[in-house]
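Trainee: Dumping the structure here so I can ask a few things about it.
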2 protein chains.
Amino acid sequence: MADLTRRGFFGTGIGAAGVGAALIGSAEAATGAAGQEPAALRGSVDAGKVSLPPLHAKSELNGTPPNPAAPGKRLGVAVVGLGTLALENIIPAFGETKHVRLAALVSGSPEKARAVGAEYGIPEKSIYSYERFDEIRNDPSVDIVYIVVPNALHAPFTVRAAQAGKHVLCEKPMAATVAEAERMVEACKAAGRKLMIAYRMQYTPEHRTLIDLARSKRYGAVRFIEAVNGQNDLPNGQWRQIKAMAGGGSLPDVGVYCFNAFRYLTGEEPVAVTGLVTRPEGDPRFREIEDVAMFTLRFPSGIVASGQCGYSFHESRMLRIHAETGWFGADAAFGYDNIAVAINRKEGQSSATESRRFSPKSQFAQEMDAFAAALQSGEEPHTPGAEGLQDMRIMEAIYRSAAQGGAVVTLPATTGLDRTRGPWPKQLGSFVPA
Amino acid sequence: MADLTRRGFFGTGIGAAGVGAALIGSAEAATGAAGQEPAALRGSVDAGKVSLPPLHAKSELNGTPPNPAAPGKRLGVAVVGLGTLALENIIPAFGETKHVRLAALVSGSPEKARAVGAEYGIPEKSIYSYERFDEIRNDPSVDIVYIVVPNALHAPFTVRAAQAGKHVLCEKPMAATVAEAERMVEACKAAGRKLMIAYRMQYTPEHRTLIDLARSKRYGAVRFIEAVNGQNDLPNGQWRQIKAMAGGGSLPDVGVYCFNAFRYLTGEEPVAVTGLVTRPEGDPRFREIEDVAMFTLRFPSGIVASGQCGYSFHESRMLRIHAETGWFGADAAFGYDNIAVAINRKEGQSSATESRRFSPKSQFAQEMDAFAAALQSGEEPHTPGAEGLQDMRIMEAIYRSAAQGGAVVTLPATTGLDRTRGPWPKQLGSFVPA
């Protein structure tokens, strides 16, 4: 390689291909020598972590180097199920994770698993069929099993993973039934393994901001929350349209985001729930499952919430929190990206709406790193099994209300906030609600 | 006055104060003489109406002169009740009306009525107390009585106005009870007078656009509609907080916009309704009335709708129609101005949201001119008593459901569209739904 001191740069002939790298190195060396830029701007290294000083004024956004853990020090994740969510979102997110790495693939399709393994450098020995899955107990490269299969398979795979000595990250909804969810909690407890439900929204800066605005009473007390989550699905017989696989229709799949949000925004648990569902006649998508579900939740503090979800209307994901002196919320609120936080209040004689955008980061990377942080600290995950189980109970109450023509179904009164949640991992830094 | 031909302009000395007017006139005369601008651009007059040709390309918005009817040819309106709505919104709107003029004031406060009369040039003889109101039958300057008093007074004033031979424009909600609303319809029918309910949103280009998008199925079939309407009111004992005056709380006052919108967007009548209300303990605003009301409507075509209103959260007025391939709606949807229509759809690989703004026009002027158009054509008003009566029945069903813990209340099934509405007045031009 070329000598990258100033002398080297000017003293050697560097081909075009080498110029870019050489210039960077030489500039760094040169400024030290010539004193044209303060040396402090080159940053510092402390315990293997690189710091760079801010380049922009305090009024501007400044980035930070991600400082990922070395590959050998990261927790290994086995992804179970190679469907749309795994292939389009979860597996690519390992390119952004800092504390976990993709270690193994588990699939019912050997051909697909080998193709994906080749793309991401996963060796053949780390590819498991569903039948061979239990052998994962002998695979020390795997610390966490991330379950991304249809809802009705969450319980059996969670039980098998816990019994194989692995921690479990399980997609939402936690299960197809309350009983399955309870079994999952028990199995992980019995095996001394941690269980986290993949409530990705709770790990985003956008939703942490909304939680903070709600709980800090920045705009007075919250009075009413509304949410919509849904999209127009193809009539293709996908597992989400099969009740035995999904446990329900749009409610467990996309509706759960709405009532989970009502819960984490308030920190409270609902004491009364109503539900109504539609099942359009003759639409092949809704032979077994509901299309639109509309539901209300009433919380002990008096806050009420109204949510709607569905599988037959154009993508719409909105959340608004109505407080005494302002409203705040988001469009694309439950999407994978481009969440547009908005805050409305009176400003002088105007109705002012503020928009907040954050630098794009993979929600799945943030969520997986949060689980790793909990495992490393030994604390309960922020969204453990109890969090998912409570949503299953609420969902059951919504369906029960719908079956009774929308009549109120009461749930046990609880006190205190965040009783189903573990602490916010300190390693994740800011966005802790007040 | 100065001679405004080119010769006159250059030939006479014009003081500074006269220059503006003189320049306009002289330019018009001058172009004819010198041929610098086509004479056609000066417009034309046909049957007393002025036309001006467009100045901007077809791709640009072009205005039109309003061509109001001469004052002596307009219908005279007596405004009954000089509260916030009348003084801040309705009376100033006569500055924009084209077919009605302010003819008389009716108030329980003689001092206030005289002050307002002085501001708007209404003579003492056209100012009526509530007691003297019936003498309005002998006042030929009054064709229409616009009722802007508390809800419980709508029925008695409507009956008195009809019996005095006047047409009635009545604020929403139509009355405090269904029985009162029925009495109003009957009284106007018996007197051979027209009754219109002041559903101002139905006369705005913004809501006409949404109606057109919904009914034309531009984005496929509508599946679900949501609306929120409310604001944070002072605990001041205003009549809206007194049940006997208002007939209810936020539901009749602001909630009515939501379910009225569900009805005019679909053209259908609901067959099932649910309702839930909150009444915060210890809050002096809600001693007699509800705060938040949440309600659902189910329509014969399968469309479902969810609405929320309240008196304790920051101003929020939103409406979204969720159709198969797009959503459309508005923020500030039920406000007096600044309604921001938005339409979201897929465009290539992007989620595209289009915003539509219309030139500001007084909603009250549009609504009053629409009533005048109906009276002049002899057709039923677009939003007659039947339209308001149906909302009263729905409101009663919502309260009944709430009293039964949210259970579904069914309403009689109906067929056909717009069965409670008169035709869209041809004189109003475009924005007729498909």
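The values are calculated or read from the model by the stated rules, or taken from the named source; none is laboratory data. Everything numeric here is computed off the predicted structure, so don't read it as measured data. Note that each Cβ is placed from the backbone with ideal geometry, even for glycine, and that neighbours are counted across all protein chains shown. In case anyone asks, the SASA skips ligands and DNA or RNA and just uses the protein heavy atoms, side chains included. Shrake-Rupley method; radii C 1.70, N 1.55, O 1.52, S 1.80 Å.
Trainee: What trypsin sites (Lys or Arg not before Pro) does region B:58-121 have in DSSP loop regions with at most 10 other beta carbons within 10 Å?
Mentor: Listed in order of number, the matching sites are B:Lys58.
Trainee: Starting from the Kirkwood Rh over alpha-carbon pairs, what translational D in µm² s⁻¹ does region A:332-434 have by Stokes-Einstein at 4 °C and 1.567 mPa s?
Mentor: 74 µm²/s
Trainee: Direction-averaged shadow area of the convex hull around the Cα atoms of the protein assembly as shown, nm²?
Mentor: That works out to 50.2 nm².
Trainee: Under a Cβ-Cβ cut-off of 12 Å, what is the net charge of the residues other than A:Trp327 that fall near it, where Lys and Arg count +1 and Asp and Glu count -1?
Mentor: Net charge in that neighbourhood comes out at +1.
Trainee: Continuing with this model, one more query. With the full set of protein chains in place, find how many percent of the accessible area of region A:212-352 is carbon and sulfur; take the probe as 1.4 Å.
Mentor: The nonpolar share, carbon plus sulfur, comes to 47 percent.
Trainee: Ignoring ligands and nucleic acids, what accessible area does A:Val271 show with a 1.4 Å probe (Å², nearest 10)?
Mentor: Accessible area, nearest 10 Å²: 30 Å².
Trainee: Moving on to the next point. What percent of all Cα-Cα pairs in region B:214-346 falls into each 10 Å bin, going from 0 up to the bin containing the maximum distance?
Mentor: The calculated distribution, bin by bin, is 13, 40, 31, 13, 3.
Trainee: Separate question: With a 1.4 Å probe, what is the total accessible area buried between chains A and B, in Å² rounded to the nearest 100?
Mentor: 3100 Å²
Trainee: Taking all protein chains in place and a 1.4 Å probe, what share, in percent, of the accessible surface of region A:47-117 do carbon and sulfur account for?
Mentor: Ligands and nucleic acids excluded, carbon and sulfur give 57 percent.
Trainee: Measuring with a 1.4 Å probe in the full set of protein chains, what accessible area per residue, in whole Å², belongs to region A:126-283?
Mentor: 32 Å²
Trainee: If the limit is 19 Å between Cα atoms, which of A:Lys112/A:Lys172; B:Lys98/B:Lys426; B:Lys217/B:Lys426; B:Lys49/B:Lys98 go over it?
Mentor: In this structure, A:Lys112/A:Lys172; B:Lys217/B:Lys426 exceed 19 Å between Cα atoms.
Trainee: Once phi is turned into ³J(HN,Hα) by the Karplus curve 6.51 cos²θ - 1.76 cosθ + 1.60 with θ = phi - 60°, what whole-Hz value does each residue of region A:108-121 show in order, with x for glycine and proline?
Mentor: These are the phi-based 3J(HN,Hα) values: x, 10, x, 5, 5, 4, 5, 5, 5, x, 5, 5, 10, x Hz.
Trainee: Next question, about the same structure. Only Lys, Arg, Asp and Glu count, each charged at its Cβ (+1, +1, -1, -1), so figure out the dipole size of chain A about its Cα centre, rounded to 20 debye.
Mentor: Dipole of chain A, to the nearest 20 debye: 760 debye.
Trainee: Could you work out the relative contact order of chain B, using alpha carbon pairs under 8 angstrom and six or more residues apart, expressed as a whole percent?
Mentor: Answer for chain B is 15 percent.
Trainee: Region B:295-365: which trypsin sites (Lys or Arg not before Pro) are DSSP loop and have at most 12 other beta-carbon atoms within 10 angstrom?
Mentor: Listed in order of number, the matching sites are B:Arg357.
Trainee: Next up: Mind listing the Cα extents of region A:198-278 along all three principal axes, in Å, largest one first?
Mentor: Projected onto its principal axes, the Cα set of region A:198-278 covers 46, 29, 20 Å.
Trainee: I've got another one for you. Using DSSP loop states and a limit of at most 13 other Cβ atoms within 10 Å to flag GluC sites (Glu not before Pro), what is the longest stretch of chain A containing no flagged site?
Mentor: Between the exposed loop sites, the longest stretch runs A:61-280.
Trainee: Return the loop-located trypsin sites (Lys or Arg not before Pro) in region A:192-292 (DSSP other than H, G, I, E, B) with at most 14 other Cβ atoms within 10 Å of their own Cβ; answer none if there are none.
Mentor: Those that pass, being in a loop and sparsely packed, are A:Lys217, A:Arg287.
Trainee: For region B:295-371, just the Cα set please: Rg and Dmax, both in angstrom.
Mentor: Spelled out, the Cα radius of gyration and Dmax of region B:295-371 are 15.5, 46 Å.
Trainee: Please list 3J(HN,Hα) in residue order for region A:305-313, calculated via the Karplus relation 6.51 cos²θ - 1.76 cosθ + 1.60 where θ = phi - 60°; whole Hz, with x for glycine and proline.
Mentor: Working through the residues one at a time gives 9, 10, x, 9, 9, x, 10, 10, 10 Hz.
Trainee: How are the alpha carbon pair distances in chain B distributed across 20 Å bins from zero to the largest one, expressed in percent?
Mentor: Pairs per bin, as whole percents: 23, 51, 22, 4, 0.
Trainee: Right, another one. Project the alpha carbons of region B:74-203 onto their principal axes and report the range along each, largest first, in whole Å.
Mentor: Extents along the principal axes: 38, 32, 27 Å.
Trainee: Give the average, rounded to an integer, of partner chain Cβ atoms located within 10 angstrom of each Cβ in A:287-293.
Mentor: 2
Trainee: Something else now. Within the P(r) computed for region A:147-262, what percentage of the Cα pairs occupies the region above 26 Å?
Mentor: Looking at region A:147-262, the distances longer than 26 Å represent 33 percent of pairs.
Trainee: Related question: Report the net charge of residues surrounding A:Ser141, where surrounding means a beta-carbon distance below 14 angstrom and charges are Lys +1, Arg +1, Asp -1, Glu -1.
Mentor: +2
Trainee: What number comes out for accessible area per residue over region B:305-364 if the probe is 1.4 Å? Units Å², please.
Mentor: Result: 40 Å² per residue.
Trainee: Moving on. Quick one: if you take sqrt(5λ) for each eigenvalue of the C-alpha gyration tensor of region A:333-392, what semi-axes come out, biggest first, whole angstrom?
Mentor: So the three semi-axes of region A:333-392 are 33, 15, 12 Å.
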